[in-house]
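Presented below is the structure to which this report refers.
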Amino acid sequence: MPQPAITHHLGIDVGSTTVKLAVLDNDNNVLFSDYQRHHTDIRATIAEVIAEAAEGFGDEQLTVAITGSGGLLLAQWLGLDFVQEVIASKTAVGTFIPTTDVAIELGGEDAKIIYFDQGIEQRMNGTCAGGTGAFIDQMASLMSTDAAGLDTLARNSSIIYPIASRCGVFAKSDIQPLLNEGARREDIAASIFQSVVTQTISGLACGRPIRGNVAFLGGPLQYLPELEKRFILTLNLADEQVIKPDDAHLFVACGAAIASKGNAPLTLTEIDARLKALGDTQGSEVVRLNPLFDSPADYASFVERHAGATIPRGSLADYKGVAFLGIDAGSTTFKAALIGMDGQLLKQYYANNGGDVLGAAKHALGEVFSELPVDQNGKTLVEFGHVTVTGYGEGLLLEALQADSGEIETIAHLRGAQELCPGVEFILDIGGQDMKCLRVKNGVIDHIMLNEACSSGCGSFIESFAVSLNMSIEEFAQTAIEAKSPVDLGSRCTVFMNSRVKQAQKEGATVGDISAGLSYSVIKNALFKVIKIRDPRDVGEHVVVQGGTFLNDAVLRSFETLLGREAIRPDIAGTMGAYGAALLARDRYLAALGEAA
């Protein structure tokens, strides 16, 4: 008995954040489609879209193919054919929009530029999700709206501000000051879209021209016309060069459906049965790591060991004479340290700058001056001998405060570390958004390594997760100490890691497991991405760690565990740059006295 001709074809695209399904007929018309966010619960979302499609095509024989970044494992589980995403995309472009020369496709966590003019060449993001849908979601959340709301705001923009496009954490630091200064939300929204365009073109095209007919594909470009507009303006495309398919968000799923033609047919009812037969089968389970501390006694021993790394203190209320002020205006925090002639720390200040360096300086100095001792006539008993400024805000504060001198951060951090550990060989400073690694030889910096376009191993990285859980950084850090099974989150960007955290939570990970995992990730990023260390012996025996991030015991323990070295953490780790600047101020004051003599 002859088999009936197959007239329907199903494509499922399992992306990083969404599931797309399309049923096509033999003429490649879309008969049914669905597009849903899966919130890392891919199986449940697949079951839902299959059930909806089955209402109209449940007993219909159709060919099936799965594609997408999350589709391979599912295809293996269900015994279905898997089509590589580039092939699915090429198939759809060749079928629906054959005049395309370049396709720009944005997804939840990936971005692609595909060139069709000479064969096929795909450029795709790797370790950074700065120009993707999830990045847009993060920025929209900062603006107290969603992606659609961001698009609505951008329609009435008039100014484009420069916003960091490579990293979500850096971008937030650009946006927050704009909000503080009263910039129009409409302009900030359009600027966010422009940053996505900049990241996509500069990061993926890498100088190769985007010419001819350009197609815009993927969910963000389907649903955010203002984003597409920024691309068109930046690429200077004429109307006839712009290709915008009606189903841009379903394009890869449609390509998979077309590629499935010739596969053995089955019904949606059969697929649904295979899904249910999987039961509790799990795949790609998040790897777990060893706990940071084996027992409370182990942690107590750790705390006792590090309690010895203290900076000598003095009483500001009882001090008389010349004092020296060091200021470290960092990317997210403002630090100040006041020391006496003998180097004792009289006063320290540490606070978030809120994107307002001058405002933070005014508040900090006001606090310092209010605590200076005075005689019975109200005359100050402390004289400022020299003021040295370092950090991101060095140039601004040199002018605003008329400080005596400025110094680059690395020298200030070296000076502070040497005061505590004269023979220091290796210094790692992790701040809010930057990371500095200094190799020291014979008291001189021999090599410097810095993070560049990614802040996934910095303080803001951990802070963003703590805030998302409505916890203070201190509370979040403390949960890591007792974690039994820290989650291995790798060392990738915050956007990618959000998905892994959600997956871990679905698998029963506690807040402590996530916090400890993030601590491991910070150090993995420092050691393996920034420093690119191969042999722990390369760092030497005398290691000092600094920066506010290292006030987190979990981060410090992760460092010592992964490096296999005990480190010295000053009790003022967060203000060591300012302390070093204050020591430099004293050095310069004494040098000037010597020259005068």
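The table that follows gives values for the structure above.
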| read-out | value |
| --- | --- |
| Selected residue [open to solvent by less than 60 Å² (accessible area, probe 1.4 Å) and within 32 Å of the chain's Cα centre (by Cα)] from Leu397, Leu381 | Leu397 |
| Selection count, region 351-364, where residues are modelled with pLDDT under 90 and either assigned to a loop (DSSP other than H, G, I, E, B) or open to solvent by 20 Å² or more (accessible area, probe 1.4 Å) (or both) | 9 |
| Residues (in contact (Cβ under 8 Å) with a residue 60 or more places away in the chain, surrounded by fewer than 18 Cβ atoms within 10 Å (Cβ to Cβ) and within 30 Å of Arg588 (Cα to Cα)) located in region 286-337 | Ala309, Thr310, Lys320, Gly321, Val322 |
| Looking only at region 115-136, and only at residues there that are open to solvent by 50 Å² or more (accessible area, probe 1.4 Å) and either among the β-branched types (Val, Ile, Thr) or within 15 Å of the chain's Cα centre (by Cα) (or both), the one that is modelled with the lowest pLDDT | Thr127 |
| Filter pass, Ile159 being more than 26 Å from Glu121 (Cβ to Cβ), among the hydrophobic types (A, V, I, L, M, F, W, C), open to solvent by 60 Å² or more (accessible area, probe 1.4 Å) and at pLDDT 85 or above | yes |
| Tally of residues being open to solvent by 20 Å² or more (accessible area, probe 1.4 Å) and touching a Pro at 6+ places or on another chain (Cβ under 8 Å) across region 528-574 | 2 |
| Given (1) surrounded by 24 or more Cβ atoms within 10 Å (Cβ to Cβ); (2) farther than 28 Å from Asp488 by Cα; (3) out of contact with any Pro (no Cβ under 9 Å at 6 or more places or on another chain), number of the condition Tyr579 does not satisfy | (3) |
| Per-region count, region 540-568, residues part of a helix (DSSP H, G or I) and in contact with a Cys (Cβ under 9 Å, 6 or more places away or on another chain) | 1 |
| Test: residue in region 41-64 that is outside any loop (DSSP other than H, G, I, E, B), open to solvent by 70 Å² or more (accessible area, probe 1.4 Å), touching a residue at least 60 places away in the same chain (Cβ under 8 Å) and not basic (Lys, Arg) | no |
| In region 44-68, the residues that are more than 14 Å from Leu266 (Cα to Cα) and out of contact with any helix residue (DSSP H, G or I) (no Cβ under 7 Å at 6 or more places or on another chain) | Ala44, Thr45, Glu48, Val49, Glu52, Glu55, Gly56 |
| Which listed residue is at pLDDT below 90, open to solvent by less than 30 Å² (accessible area, probe 1.4 Å) and part of a strand (DSSP E or B), from Lys20, Lys112 | Lys112 |
| Hits in region 338-388 - residues which are more than 23 Å from Tyr589 (Cβ to Cβ) and aliphatic (A, V, I, L, M) | Ala351, Val357, Leu358, Ala360 |
| Residues being farther than 20 Å from Thr200 by Cα and not small (Gly, Ala, Ser) - total across region 94-126 | 6 |
| Failed item in (1) modelled with pLDDT of 90 or more; (2) under 30 Å from Met435 (Cβ atoms); (3) open to solvent by less than 60 Å² (accessible area, probe 1.4 Å), with Pro177 passing the rest | (1) |
| Matching residues, region 85-109, being part of a helix (DSSP H, G or I), in contact with a helix residue (DSSP H, G or I) (Cβ under 7 Å, 6 or more places away or on another chain) and either polar (S, T, N, Q) or without any contact (Cβ under 8 Å) to a residue 60 or more places away in the chain (or both) | Ser89, Thr91, Thr95 |
| Region 23-40, residues that are open to solvent by 40 Å² or more (accessible area, probe 1.4 Å) and either not acidic (Asp, Glu) or not in a loop (DSSP other than H, G, I, E, B) (or both) | Asn26, Asn29, Val30, Leu31, Phe32, Ser33, Tyr35, Arg37, His39 |
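This table checks each residue for (1) within 26 Å of Ile448 (Cβ to Cβ); (2) in contact with an Asp or Glu (Cβ under 8 Å, 6 or more places away or on another chain); (3) surrounded by fewer than 21 Cβ atoms within 10 Å (Cβ to Cβ).
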residue	(1), (2), (3)
Leu346	no, no, no
Gly366	no, no, yes
Val374	no, no, yes
Gly385	no, no, yes
Thr390	yes, yes, no
Ser405	yes, no, yes
Thr410	yes, no, yes
Glu425	yes, yes, yes
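The values are calculated or read from the model by the stated rules, or taken from the named source; none is laboratory data. This one's a predicted model, so the numbers in the text were calculated from it and none came from an experiment. Every residue, glycine among them, receives a Cβ derived from its backbone with ideal geometry; neighbour counts consider all protein chains shown. Note: accessible area is taken over every heavy atom of the protein model, side chains too, but ligands, DNA and RNA are not part of it. Shrake-Rupley method; radii C 1.70, N 1.55, O 1.52, S 1.80 Å.
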